[in-house]
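Asks: Take this structure first; my questions come after.
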Amino acid sequence: MKRPLLLAAIGLALLVGFPFIVENPYYIHLAQTIAIYAILLFGLDIVVGYTGQVSLGHAGLFGIGAYTAGVLYMHFHAPLLLTIVCGIGATAAFGAILALPALRVTGPYLAMVTLAFGTIIQILINEVTDVTNGPMGITFSKPVLLGMVLDERAYYWVCSFLLVASLIVVHRLLRSHLGRAFEALRGSPIASDCMGVSVYRYKVYAFVISAGFAGLAGSLYAYSERYISPNTYNFELTVLFLLAIIMGGRKTRSGALLGATIIVMLPKLLDDLALFRYVSVTLAVLVTAGAGLLVARGKTTLARSAIPVAGSVALAVLSFVLTSMTDWRLSIFGLITLLVVYYLQDGIVGYVRQALGWRGHGADDAAQAALLAAPASAVSTSTAGGAGELVAADQVLMQFGGLKALNEVTLHVARGTIHGLIGPNGSGKSTMMNVLTGIYVPTAGAIAFKGQSIVGRTSARIALAGIARTFQNVQLFGEMTALQNVLVGLHHSYRSNLLDVALHLPRFRREEREATARAYALLKFVGLESLAGEEARNLPYGKQRLLEIARALALNPELLLLDEPAAGLTAPDIKELVVIIRKIREHGITLILIEHHMDVVMSVCDVVTVLDFGQKIAEGTPAAVQSDPQVIKAYLGSEAH
Amino acid sequence: MLTLTNLHAGYGKVEVLHGISLEVPKGQVVTLIGSNGAGKTTTMRAISGMIAPREGKVMLGDVDITGRDSHRIARLGLAHSPEGRRVFATMSVNDNLLLGAFPRYTGARARGDIAADLERAMDYFPRLKERRTQLAGTLSGGEQQMLAMARAMMMNPEVVLLDEPSMGLAPILVDEVFRIISRLRAEGVTMLLVEQFAAAALNVADYGYVLENGRIAVHGPAEKLKNDPAVQAAYLGGSH
């Protein structure tokens, strides 16, 4: 804990003291610009780094922030603080509009739509001359705060203060349940929905919050430049922002700061030949040393690191060959960018972290979690309702084109039982799971859970109503740790809002502590506590399946659907799994189990339903089903299993 | 045909394999058994170049393939049927199989009679024949698994790595997969097999290695391992 605090204190002192060290107003102005860009990048990183969406509309949002401030200033002479608050609000509203296409399209399509959004904003600003003064732009006088006229240095402090405030808010936000929800969207949208984290809602949240920071940055920028015109908020700027995130390193605040510094300072440095020589030599030394370190540690091969080393050395040599910078400036900027983006795919910060072998905060959080007091019981006990039917699916028809994946299947599951669902591959078992969890809406038929129809409800609502599941092809949030995966399942236990999170109010602190302790206890329940800090994608397959069970239990389900939990497990692991399944049932949770390992099915199930070609061909006790000639023919095969 | 010497490999900072040495002689089926997390899949990935080994050597015939890119290793005749059926979902069954023969089209491997081999693959897996024009993504899990195996065979490989071929299959299909493996073995195909059903794997294999925590604990002829009380207790409990 001590080292980060010390580093923060030094950083803060440098930030505050900068205008005393460098008195040239030109450089103070550049520092303002870096702070402003960094605020925008914090927000952009939420969308790009965490939720994994592309946005080419952020220059447009930046422009909306600037013009909200500009219009209020020009027409109403509104004070600085008011224009900033309105800038944030108006831009956040536009962020919600930008989120709408992101709900329907992804990847290159989303890039095109957001690009169109940015272009339209720019054209609108240009055309609505009455409001925005059109191409003429808006000129500001020096900003006034609380009756004081702010000079370059004072305004720098305002920007720095807001930079630090934004940093703290964004950092807290992203490490809370909200941040985990954003990251879960990237890992697996289907699993997010099935954990009660609505993909729809959290995509909109991410865009709105991201736009809010773009609005803050935009309005600050207007006062910093003291002149705004529509041309500034163009496609180039949007690409520059994305580059800054990629170069600095996504999913890190330090990466955003570094990225902002690079996009502001690098073109300036390239103006000056002497400075350029200095920079390129430093770069060459850093790249060579870094590559040497990685090769020595066996993390990369000599052949792979040869090109970046050669490239940076060539750049350094070129800097001494050149006699004038002007003709070469943009080409060299492009080359450096290309080199960084191509070779440091985790950005500069990611590269440095890897080279120094730093652990992410996820591992530290997991270590902390182990020290928390364990809750009374990790797995919720479901006793409500007593006996009776929990699920009643009647005459369910699921049609894909001409294919009837489920042909009028009726499935009734009694409370507190383990209900097996078996059948040949492609017989409709997984389709049944998807229908029960709202991923598919059945073509016809009725499904009641606890006596209420769930047909047509969203997956997230069904999950919150008490149906949790695991997936046949594991759907974990790969870049998140095991502990964080379970915490996403516990998302429903949080009541904290944005304010609680940003200010770390007692409510949030209590909820976070309780959820972390509970998540750790759930990991313990499935025997994964020693791997709490490991990224889910690094776990072996069998452990990933257990982690999915822990995550599903976090929902406090009354019904748990397990889709082939034993697939890929060896005999001893299967024995452990059977013990876990029995323990879950002892807590009163009803289970539906799809499984091909007949010994598992036979030893734990109370009732077994057999599907073939979308139709129910048998149902009864395991023993009765096992000796059913039709089941043997379609599924078990002639040999005894 | 395939020889690993003191192989170390892992992910990130975690080392999973701490020095594996094993040999797959030509025309034999060798199986690798062990509990989850022991390093079976990691071994397969390190062989086929999906991850770079940190230390040690992988030889395919007399060629050192340690740390080479996976597409180069594939062209040298090593086919990998990966865990979890990675088929090309938006392409037809037929095209998936022809892609398996890609190195033969480009001249990286002897061309032979691709059309005849395609028919032979369909013959091995009659279910694929029925569905040859269907998109691979619409196949059931079991059919995708068969497609992945058939695709690996289309290369006319020197060595096939089969990672969990029976995973997620109905019991009736598990039997079929093992029948196919025995048939391929009878034809002289060299295979390294990783299987959850250790007993069934030892039944079709010539030789077996037991992996424990990233190290080879025991190895020997399949017959002998099957009757080894320690191996029986740890890995052969329960049938499928």
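Asks: Roughly speaking, what is the centre-to-centre gap between the stretch A:43-117 and the stretch A:486-544 when only Cα atoms are used, to the nearest Å?
Replies: That distance is 31 Å.
Asks: Still on this structure, I have one more. Given a Förster radius of 56 Å and the C-beta distance between B:E130 and A:L82 as r, what FRET efficiency does 1/(1 + (r/R0)^6) yield to the nearest 0.05? Before the final figure, lay out the partial values.
Replies: Working: r = 71 Å, r/R0 = 1.27.
Once rounded, the FRET efficiency stands at 0.20.
Asks: Now for a separate question. Which of A:S210, B:S166, A:S188, A:S331 has the fewest other C-beta atoms within 10 Å, and how do the rest follow up to the most?
Replies: Values: A:S210 31, B:S166 26, A:S188 19, A:S331 10.
Starting with the residue having the fewest Cβ neighbours, the order is A:S331, A:S188, B:S166, A:S210.
Asks: Sorting A:T132, A:T621 on the 10 Å Cβ count, fewest up front, what's the list?
Replies: Values: A:T132 22, A:T621 12.
Going from least to most buried by this count: A:T621, A:T132.
Asks: Test of understanding: ordering B:I114, A:I84 by Cβ neighbours within 10 Å, fewest first, what list do you get?
Replies: Numbers: B:I114 16, A:I84 25.
The order, fewest Cβ neighbours first, is B:I114, A:I84.
Asks: Residues with amide H under 5 Å of A:I589's amide H, sequence separation 5 or more or different chain, H placed in the peptide plane at 1.01 Å from N; which?
Replies: Long-range HN contacts for A:I589: A:S382.
Asks: Label-point separation (nm) for B:E23 and A:A9, each offset 7 Å from Cα along Cα-to-Cβ?
Replies: 6.4
Asks: In percent, what relative contact order does chain A have, based on Cα pairs under 8 Å that are 6 or more apart in sequence?
Replies: 16
Asks: How much of the DSSP beta bridge set in the protein assembly as shown is antiparallel, as a percent to the nearest 5?
Replies: Values: 47 of 80 bridges.
Restricted to the protein assembly as shown, the bridges split so that about 60 percent are antiparallel.
Asks: Determine, from the Cβ-Cβ distance of A:R510 and A:L146 and an R0 of 51 Å, the FRET efficiency 1/(1 + (r/R0)^6), rounded to the nearest 0.05.
Replies: Details: r = 36 Å, r/R0 = 0.71.
So the FRET efficiency works out to roughly 0.90.
Asks: How many Cβ atoms of partner chains, on average, are near each residue of B:33-41 if near means within 10 Å of its Cβ?
Replies: That works out to 5 on average.
Asks: Show the residues, 5+ positions off or on another chain, whose built amide H is closer than 5 Å to the amide H of A:E389.
Replies: So A:E389 has HN proximity to A:R415.
Asks: Mind listing the phi-derived Karplus ³J(HN,Hα) values for the stretch A:553-566, rounded to whole Hz, using 6.51, -1.76 and 1.60 with θ = phi - 60°, and x for any glycine or proline?
Replies: With coefficients 6.51, -1.76 and 1.60, one gets 5, 4, 6, 6, x, 9, 10, 10, 9, 10, 9, 6, x, 8 Hz.
Asks: Using modelled amide H (1.01 Å from N, peptide plane; none on Pro or chain starts), what sits under 5 Å from the amide H of B:G208, excluding residues fewer than 5 places away?
Replies: B:T31, B:G220, B:A222
Asks: Across the stretch A:430-444, in residue order, what do the Karplus-derived ³J(HN,Hα) couplings come to in whole Hz, using 6.51 cos²θ - 1.76 cosθ + 1.60 with θ = phi - 60° and x for Gly and Pro?
Replies: 5, 4, 4, 4, 5, 5, 5, 9, x, 6, 10, 9, x, 5, 8
Asks: Relative contact order, percent, of the stretch A:29-355 when contacts are C-alpha pairs under 8 Å separated by at least 6 residues? List each step's numbers first, then the result.
Replies: Working: 491 pairs, mean separation 95.5, N = 327.
Averaging sequence separation for qualifying contacts and normalising by length gives 29 percent for the stretch A:29-355.
Asks: Shielding of A:596-608 by partners, i.e. mean partner chain Cβ atoms within 10 Å per residue? Could you put the intermediate results ahead of the total?
Replies: Values: counts 12, 7, 5, 4, 2, 0, 0, 1, 0, 0, 0, 0, 0.
Per residue, the average neighbour count from other chains is 2.
Asks: Here is a further query. If the convex hull of the alpha-carbon atoms of chain A is projected onto planes in all directions, what is the mean projected area in square nanometres? Let's see the in-between values first.
Replies: On the way: hull surface 136.3 nm².
It is 34.1 nm².
Asks: Next question, about the same structure. How far is helix A:361-371 tilted, in degrees, relative to the longest principal axis of the Cα atoms in chain A, given as a value from 0 to 90 rounded to the nearest 10?
Replies: Around 50 degrees separate the two axes.
Asks: Quick one: 3J(HN,Hα) in Hz for the stretch B:152-164, Karplus 6.51/-1.76/1.60 with θ = phi - 60°, rounded, Gly and Pro as x.
Replies: 4, 5, 5, 7, 6, x, 6, 9, 10, 9, 10, 9, 6
Asks: In nm, to one decimal, how far is the modelled label at A:A444 from the one at B:E212, with both set 7 Å along Cα→Cβ?
Replies: Each label point is offset 7 Å from its Cα along the Cβ direction, giving 6.0 nm.
Asks: Specify the longest stretch of chain A that does not include any exposed loop site, a site being one of the trypsin sites (Lys or Arg not before Pro) with a non-H, G, I, E, B DSSP assignment and at most 15 other Cβ atoms within 10 Å. If you can, show how the numbers build up before the last one.
Replies: On the way: sites that count: A:R226, A:R297, A:R359, A:R495.
Maximal segment without exposed cleavage sites: A:1-225.
Read-outs throughout are calculated quantities, based only on the coordinates presented, and are distinct from any laboratory measurement. Since we're looking at a predicted model, the values are computed, not measured. When we count neighbours, we look across all protein chains shown, and the Cβ atoms used for this are built from the backbone with ideal geometry, even at glycine.
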